[in-house]
Amino acid sequence: MSLIAGHTLLVLDTETTGFSPAPMGRDRLVEVAYVKVVNAAVGEEWSSLVRPGIPIPPEATRIHGIGDAEVASAPGYAEIGRRLREACADHVLVFHNAPFDLPFLRDLFREAGVPPLLNPVLDTLGLARQLGDSGSNRLGDVARRLQVPARTAHRALGDALMTADVLLGLLAKPKVTAKVASLSELAAASQDTVRTTGRR
């Protein structure tokens, strides 16, 4: 855990109306959450529903259980964007499959009128793929292999907590950390692995 000792990482997850955010699509956030990992320990948690401004398709509701009624009185993009951008500060951000979540967050921050993210990004999907284990590297499957605590899947806070636990489990594997000397190198290597390996 020496690579993250002395650092604060922000582990994020989102739930959405679909798979295609702006500018190419019109899907939107319906929930977002973060968990802080400070000195290799899970700390502060935060989550909020988000009013997307468009109807939530039934197929999305079947996945995460969030429907139009649940988000009717939720904060909108401007309020959530300001709150979340402040929390991100200049911390290293952690995702499981960052290429899915990041475009939605970029859209959120653009609409909220706050500075874009320039933070280092660490992707636990890339770290999991580096292990070369057979089978799926979906978040729940990696969590089961690492024997981390069960969480509420397909809700933003449950998945953020599971990602934090998975991160700590992966960092205990010498194969994940052997070839890097710093947290920034680990983040870069995780993204390179996501880009250069097949879906699994």
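Just so you know, all these numbers are worked out from the coordinates, no wet-lab data involved. In this text, all values refer to a predicted model and were calculated from it rather than measured experimentally. Backbone-built Cβ (ideal geometry, glycine too); neighbour counts: all protein chains shown.
Worth pointing out:
- Scan segment 66-104 for residues that are closer than 20 Å to Pro116 by Cβ, assigned to a loop (DSSP other than H, G, I, E, B) and of a type in the set (A, V, I, L, M, F, W, C) and the total you get is 1.
- Within segment 13-29, considering residues that are part of a strand (DSSP E or B) and either aromatic (Phe, Trp, Tyr) or closer than 10 Å to Phe104 by Cβ (or both), the one farthest from the chain's Cα centre (by Cα): Asp27
- Of all the numbered requirements in (1) surrounded by fewer than 13 Cβ atoms within 10 Å (Cβ to Cβ); (2) more than 13 Å from Arg129 (Cα to Cα), Arg195 misses one, and that requirement is (2).
- The one condition from (1) over 24 Å from Ser47 (Cα atoms); (2) assigned to a loop (DSSP other than H, G, I, E, B); (3) of a type in the set (A, V, I, L, M) that Val114 does not meet is (1).
- Residue satisfying all of: in segment 39-65; surrounded by 16 or more Cβ atoms within 10 Å (Cβ to Cβ), touching a residue at least 60 places away in the same chain (Cβ under 8 Å) and not in a strand (DSSP E or B); nearest to the chain's Cα centre (by Cα) among these: His64
- Tally, over segment 149-193, of residues that are within 24 Å of Ile66 (Cβ to Cβ) and either among the small types (Gly, Ala, Ser) or more than 16 Å from the chain's Cα centre (by Cα) (or both): 7
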